Amino acid sequence: MKFADIPGLSEIKSRLLDSVKQNHIAHAQLFLGKAGALNLPLALAYANYLHCQNKNGDDACGTCSACSKSLKYIHPDTSFVFPFRALRKEEDEDRVKAETLKLWRSSLIQNPYFSIADWITLYEGEDKQAAISREAGREIIKTLSLKPFESSYKVMIIWQPEFMHPSAANGILKILEEPPPNTFFFLVSNAAERLLPTILSRTQMVQVPQLPDEDLDTYLKEKYGVEDSRRQEILQLADGDLNAAIKLISSEEDHFQDRFADWMRSCYKRDYPKLVAFADDFHELDKLSQRNLFHYALGMMRETLLQHAGADAVGRIKSGEVKFVKDFSKIMNVSKIEKINRLVTDAHYHLERNGSAKMIFLDLSLNIAKSINP
Ligand SMILES: [Zn+2]
């Protein structure tokens, strides 16, 4: 990954570039961003730039031997640590590790914007098992005890350090504070609040905001050639999350607007047979569309809240939805909106954990009915 491959974020990029030019690179940096922010791509591009033998002012050259390895994520002086499942007793540890690293590299090449949930799906694991093991902590220290092979630097990228086993996290505190010369830690996290304070205090934070809609829009247009009207829908659903936006490109076009309005009307009227039929329909949708309907619902709650605050002009709303939001906001108040937000967020959580889509949706509908028309 080169800096040029990453849309937007020019301010952060130039700060990182300056740190190298001025030879003032913090030895432990925490790239922090919400889900869908480009903190991992930035760390990858930064590592690539450090190793490049022919850097120009703004980016790695992309063609030297170091770059050709970095672009395939096989540079011997960049190491990766990431969450994985626990190994089973009968498994050959070295083989599983080699295969996992291969999967990791090919995933980065295909789409470096994936989330932890995507990664767990890729290696066919389960949520609750994902962790950076105690053993991985020991390996970090071992890897960094060796001198760089080809570059002047060694880079250790720890993706999702919030998944570190406490003993792994404690085990690396010393080396994180005082790494060997020319060794850099890039921690890439979505949840600083889940990191040990002792880890936080030893890193310099690089806050990576989500992409603004303009940058996301340009990227979808230039990189994927997505049409204007579809881009508008995607931007609204993705809410700044590039990973979600890319998934939406390949998902079927959904007509959430009508479906959602109809759903809310049925909740309001407490039309139970219709809500049951809705739950059946929902069950038939693929996972992505189910998730997108919930995202859409949250987006519409946001718009309704803005409407209440008299700030409708700043929303992402499409012209066809204006009437619905105006009507809907008449029967809603702030506490109802908050309640529904929470209900949808909870339903989304259960859906991600593979609960029955039909039951989740029906339960959600009944609760919404109770909230908006008590
Ligand atoms: Zn190069």
_Evaluation of TYR73 against (1) touching a residue at least 40 places away in the same chain (Cβ under 8 Å); (2) touching a strand residue (DSSP E or B) at 6+ places or on another chain (Cβ under 9 Å); (3) under 26 Å from SER14 (Cβ atoms) (one fails), failing number_ = (1)
*Show the residue pairs that are 6+ apart or on different chains and have beta-carbon atoms under 6 Å apart, the first residue being within the stretch 2-25 and outside any helix (DSSP H, G or I), the second being of a type in the set (Ser, Thr, Tyr).*
PRO7/TYR219; ILE25/SER19
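Would you be able to say whether some residue in the stretch 311-319 is crowded, with 19+ Cβ neighbours inside 10 Å and part of a helix (DSSP H, G or I)? It would help to see each step written out before you state the result.
Of the stretch 311-319, the ones crowded, with 19+ Cβ neighbours inside 10 Å are 315, 317.
If we keep only those that are part of a helix (DSSP H, G or I) as well, we get none.
Taking every residue of the stretch 311-319 in turn, none turns out to be crowded, with 19+ Cβ neighbours inside 10 Å and part of a helix (DSSP H, G or I).
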_helices (runs of 4 or more DSSP H) (entirely within the stretch 26-138) containing at least 3 residues that are within 16 Å of the ligand (Cβ to nearest atom) and among the hydroxyl-bearing types (Ser, Thr, Tyr)_ = 65-70
*Could you please tell me which pairs satisfy a Cβ distance under 8 Å, a separation of 6+ or placement on different chains, a first residue in the stretch 322-349 that is farther than 15 Å from PHE260 by Cα, and a second residue that is among the polar types (S, T, N, Q) and not in a helix (DSSP H, G or I)?*
ILE331/ASN373
*asked:* Residue pairs, Cβ under 7 Å, 6 or more apart or interchain, first in the stretch 40-56 and closer than 20 Å to MET205 by Cα, second within 8 Å of the ligand (Cβ to nearest atom). List them.
replied: ALA47/SER70; ASN48/ALA60; ASN48/CYS67; ASN48/SER70; TYR49/LYS55; TYR49/ALA60
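Can you name the residue in the stretch 353-374 that is hydroxyl-bearing (Ser, Thr, Tyr) and assigned to a helix (DSSP H, G or I) and is also surrounded by the fewest Cβ atoms within 10 Å (Cβ to Cβ) among such residues?
Step one: of the stretch 353-374, the residues hydroxyl-bearing (Ser, Thr, Tyr) are 356, 365, 371.
Filter once more, so that each one left must be assigned to a helix (DSSP H, G or I): 365, 371.
Working: SER365: 25, SER371: 18.
Here the answer is SER371.
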*Is there any pair with a first residue in the stretch 158-175 that is closer than 10 Å to GLY137 by Cβ and a second that is buried (at least 19 other Cβ atoms within 10 Å of the Cβ) and not hydrophobic (A, V, I, L, M, F, W, C) whose Cβ atoms are under 6 Å apart and which are 6 or more apart or on different chains, and what are they?*
HIS165/SER133; ALA168/GLY137; GLY171/GLY137; ILE172/GLY137
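Every read-out reported here was derived from the displayed coordinates using simple, explicitly stated rules and does not represent laboratory data. Because the structure is predicted, anything quoted here is derived from the model rather than measured. Cβ atoms come from the backbone with ideal geometry, glycine included; neighbour counts cover every protein chain shown.
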